[in-house]
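One structure below.
The values are calculated or read from the model by the stated rules, or taken from the named source; none is laboratory data. Not measured: the values here are computed from a predicted model. Cβ coordinates were reconstructed from backbone atoms using ideal geometry, including for glycine residues, and neighbour counts include every protein chain displayed.
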Amino acid sequence: MPLTDMPFRTSFTLLLLSFLSACASFSLEADSTTKTASSPEINPAGWWRTAVFYEIFVRSFYDTDKDGIGDLNGITAKLDYLNSLGIDAIWLMPIHPSPSYHGYDVTDYYAINPEYGTMDDFKNLLNEAHRRDIRIIIDFVINHTSSRHPWFMDANTNPKSAYRDYYIWADEPGPGNWHQGQNGYYYGYFWEGMPDLNYSNHAVTEEMLKVTDYWLNEISVDGFRVDAVKHLIEENGKVENAPATHLWLEDFHFAYKAQNPQAYTVGEVFGAGASVVALYTGDELDHIFNFEMASGFVNSANGEASSGIASAYKFAFMDMPDFNFATFLANHDQNRVMSVFNGNANKAKVASFLMLTAPGTPYIYYGEEIGMQGVKPDEDIRLPMQWSGDKFAGFSSVQPWRNLSSDYTQVNVKAQEDDPASLLNHYRTLIQLRKEHPALLTGNATLIETENPVVFALLRESGLENILIVVNLGKTHVTDYRLDLSATAITLDGNNPAVLFGGSDAIAVNTLDGYKPLAELPPYQMLILKVGGR
């Protein structure tokens, strides 16, 4: 079947309603108080708006069965560590069976990768996480399956297979990523081992709705990170962000909210800035990762200039003024931020400070909080977690699946645990402050002019408090700066603000020539100040 613009919205909706009615009928028989699936009560704010997420590659987190591969029981064993960090939610990279180490080519959507454990292990992890008020979302790879998935294996060998139209076929390869099959050519955007699913076939949609229902209601996960969502449907040669993808996601949003109104989805639209994020958020997915903000955090910290982060904020003000998106510094597809900073811990602290004082929902990539390094290939940005300086970094008692980073004896959790100046405790302190202050969680944001490109300032405001963020991005002392608060509702009245983070009690106030919280900002100085308002 060639890539074409195929009308499917009406029949999709009928299919959806039929499926949800069946689910609702079953639920009503089990519990007469259950609401019908046709009218989910969706929380417009959502628990995710105040959460701090932690991304985990299971293979590399913690090995408990001594095979050199991280496992689900390893995550359970480390939940108290995550609790102490202040994590509210975990994103698990793919946990399904797969022929690849990374798991992004799924062979069974209803099972657990046996290298990671059993379904009982996963249920135990869920229970223990929920007992600590930590939610768990799982990677949902729906653009494609593995070429070893039973659907594709049957479709590839038998042109009359019931699964033939689960994929996209052609007699001759067209432009783009077509691959030779046993009976024709099939489309696979990423590579031949990942054949794309055909969402113009409503049976594929029905299969995926069954998968979401299973994980949300039978297993009780809290949501999904939807992989490669911009490539979901190809339409008239358009291979990303096609109109048909948006239509499908609108119906998918209704479906998963009907299955569980508190279910959460975050979508990967690689490279998305605020304008693209806005296209997917609201009636399609709950969140999209804002790569523009991530670049702003990292580039400003690395380049020691406020232009990158200020630009990202300005685009967000224009296209997503409620900042209803996910933020991050780096993920499993990018070089680790500490490597981008060439091991400079001060820059790592500044970048995390910018993210954790910003609006949006922050995601932390495992090991980022201790400054793990890694550059591509992908396996080397997904190395085993460095828990200690002991043999095998405390990750395992045997040789890990991938050689450890050479710095693990110095860079590890144990070495930083009791050091108040460590990167780990920097993260802990900022996350705790974020939880304690509504303005940092969900408050409005206003850029403050500083008259110096090395100094960045931001005002966060809620109905309860006003918090001023100030940071010297550079490696030298700064005296020639001035915060212009004239356009804000902030009044200092000659009183020193409360210092929540950084600085000292000797905070200077100069209302005649603008505000300077410190006469001199030391290198990489970060301040969080609670200030008054009119």
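I need the full set of residues from the range 166-205 which are under 18 Å from Arg148 (Cβ atoms), surrounded by fewer than 14 Cβ atoms within 10 Å (Cβ to Cβ) and without any contact (Cβ under 8 Å) to a residue 24 or more places away in the chain, in order please.
Selection gives Gln180, Trp191.
Restricting the search to the range 510-526, which residues are of a type in the set (Asp, Glu) and modelled with pLDDT of 90 or more?
Glu520
Checking Asp322 against (1) free of Cβ contacts under 8 Å to residues at least 60 places away in the same chain; (2) surrounded by 18 or more Cβ atoms within 10 Å (Cβ to Cβ), which test does it fail?
Looking at each condition in turn, Asp322 falls short on (2).
Does the range 145-159 hold any residues that are assigned to a helix (DSSP H, G or I) and either loosely packed, with under 14 Cβ neighbours inside 10 Å or of a type in the set (Asp, Glu) (or both), and which are they?
Scanning the range 145-159 gives Pro150, Asp154, Thr157.
Mind counting the residues in the range 232-251 that are in contact with a helix residue (DSSP H, G or I) (Cβ under 8 Å, 6 or more places away or on another chain) and either closer than 13 Å to His144 by Cα or not in a loop (DSSP other than H, G, I, E, B) (or both)?
Summing the residues that are in contact with a helix residue (DSSP H, G or I) (Cβ under 8 Å, 6 or more places away or on another chain) and either closer than 13 Å to His144 by Cα or not in a loop (DSSP other than H, G, I, E, B) (or both) in the range 232-251 gives 9.
If the Cβ limit is 8 Å and pairs must be 6+ apart or interchain, which residue in the range 58-78 that is touching a residue at least 60 places away in the same chain (Cβ under 8 Å) pairs with which residue that is among the aliphatic types (A, V, I, L, M) and surrounded by fewer than 19 Cβ atoms within 10 Å (Cβ to Cβ)?
Tyr62/Ala77; Asp63/Val398; Lys66/Val398; Asp67/Val398; Gly68/Val398
Being more than 13 Å from Pro362 (Cβ to Cβ) and either touching a residue at least 12 places away in the same chain (Cβ under 8 Å) or surrounded by 19 or more Cβ atoms within 10 Å (Cβ to Cβ) (or both) is the filter here; which residues of the range 424-441 pass it?
Residues satisfying the conditions are Leu424, His426, Arg428, Thr429, Gln432, His437, Pro438, Ala439.
Return the pair list, or none, for Cβ contacts closer than 7 Å from residues in the range 402-416 that are touching a residue at least 12 places away in the same chain (Cβ under 8 Å) to residues that are among the polar types (S, T, N, Q) and not in a loop (DSSP other than H, G, I, E, B), at least 6 apart or on different chains.
Gln416/Asn425
Conditions (1) at pLDDT 95 or above; (2) of a type in the set (Lys, Arg); (3) part of a loop (DSSP other than H, G, I, E, B); (4) in contact with a Phe, Trp or Tyr (Cβ under 6 Å, 6 or more places away or on another chain), marked per residue:
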position: Gln180; (1), (2), (3), (4): yes, no, no, no
position: Glu192; (1), (2), (3), (4): yes, no, yes, no
position: Thr212; (1), (2), (3), (4): yes, no, no, yes
position: Glu218; (1), (2), (3), (4): yes, no, no, no
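Can you tell me which residue in the range 328-350 is nearest to Ala301 (Cα to Cα), limited to those that are charged (D, E, K, R) and part of a helix (DSSP H, G or I)?
Among those that are charged (D, E, K, R) and part of a helix (DSSP H, G or I), it is Lys347.
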